[in-house]
Amino acid sequence: MFSNLFGGQSSQKLFDLGLNAYNKGDHKTAVDKLSDAIKKEKGKSEPDKQLLSNIHNIRGEVYLSVGVAVLSQSDFVYALDYNPSNESALNNLGVWFSIEQFSTPDYKKSLEYLDMAIVLRPDRKDIILNRAVVKIKSGDSTGCDDLKKLDAEGYPDAKIGLQQFCKN
């Protein structure tokens, strides 16, 4: 009878539904499904920490996308509590600490998180791009060199970064 609370759906299925809603721009449904997935997974005798990390990270992205600063940061931290090697959560915290609208940016902390993410996944060009932009915003012009390298490798977002942040 109580399994009907979540429609008998597994926490993985709820996560997938939340992720799908997020990708479609339905933030309310995304938060609801992801929150249900967290509750369901945490209710297990042996919760899947990897899954909980991923759910918190995506819910943090949803909150970040609608400007809910405290909840987004909290979810990224929870994601790392469950899986310290979640490079996406490290990347997201790196981005979070660089956003001026939330508070005074902490570029040093931002770069620390982005560097940890790159150590785990040196092939993730999106993280390398984020680090390059944060370097530039912090006054380190070597970020432009990083963008030029990404552009030479054919990463399309690097060209936008070069146009927006670098002279030449």
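The values are calculated or read from the model by the stated rules, or taken from the named source; none is laboratory data. What you are looking at is a predicted structure, and each value in this text was computed from that prediction instead of being measured. Heads up, the Cβs are rebuilt from the backbone with ideal geometry, glycines too, and the neighbour counts pull from every protein chain shown.
Data overview
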item	result
Qualifying residues in segment 14-28 (those that are in a helix (DSSP H, G or I) and free of Cβ contacts under 8 Å to residues at least 12 places away in the same chain) - the one farthest from residue 66 (Cα to Cα)	16
Total residues in segment 8-28, condition modelled with pLDDT under 95 and more than 20 Å from residue 48 (Cα to Cα)	0
Residue list for segment 22-66, restricted to those being buried (at least 19 other Cβ atoms within 10 Å of the Cβ) and closer than 20 Å to residue 105 by Cβ	60, 61, 63, 64
Out of 75, 146, sole residue that is touching a helix residue (DSSP H, G or I) at 6+ places or on another chain (Cβ under 6 Å) and in the same structural domain as residue 51 (by TED's automatic domain parsing)	75
Count of segment 135-165 residues which are in a loop (DSSP other than H, G, I, E, B) and under 21 Å from residue 94 (Cα atoms)	5
Among residues of segment 67-92, those that are over 20 Å from residue 38 (Cα atoms) and surrounded by 14 or more Cβ atoms within 10 Å (Cβ to Cβ), counted	1
Meets criteria (closer than 26 Å to residue 132 by Cβ and either touching a strand residue (DSSP E or B) at 6+ places or on another chain (Cβ under 9 Å) or touching a residue at least 24 places away in the same chain (Cβ under 8 Å) (or both)) for residue 100	no
Residue check, residue 19 outside the structural domain of residue 134 (by TED's automatic domain parsing), under 27 Å from residue 122 (Cβ atoms) and surrounded by fewer than 21 Cβ atoms within 10 Å (Cβ to Cβ)	yes
Given (1) closer than 30 Å to residue 13 by Cα; (2) β-branched (Val, Ile, Thr); (3) free of Cβ contacts under 8 Å to residues at least 12 places away in the same chain, index of the condition residue 38 fails	(3)
Test for residue 83: is it at pLDDT below 95, out of contact with any Phe, Trp or Tyr (no Cβ under 7 Å at 6 or more places or on another chain) and not small (Gly, Ala, Ser)	no
Complete set of residues in segment 135-167 that are over 17 Å from residue 110 (Cα atoms), surrounded by 12 or more Cβ atoms within 10 Å (Cβ to Cβ), of a type outside the set (A, V, I, L, M, F, W, C) and touching a residue at least 24 places away in the same chain (Cβ under 8 Å)	155, 157, 161
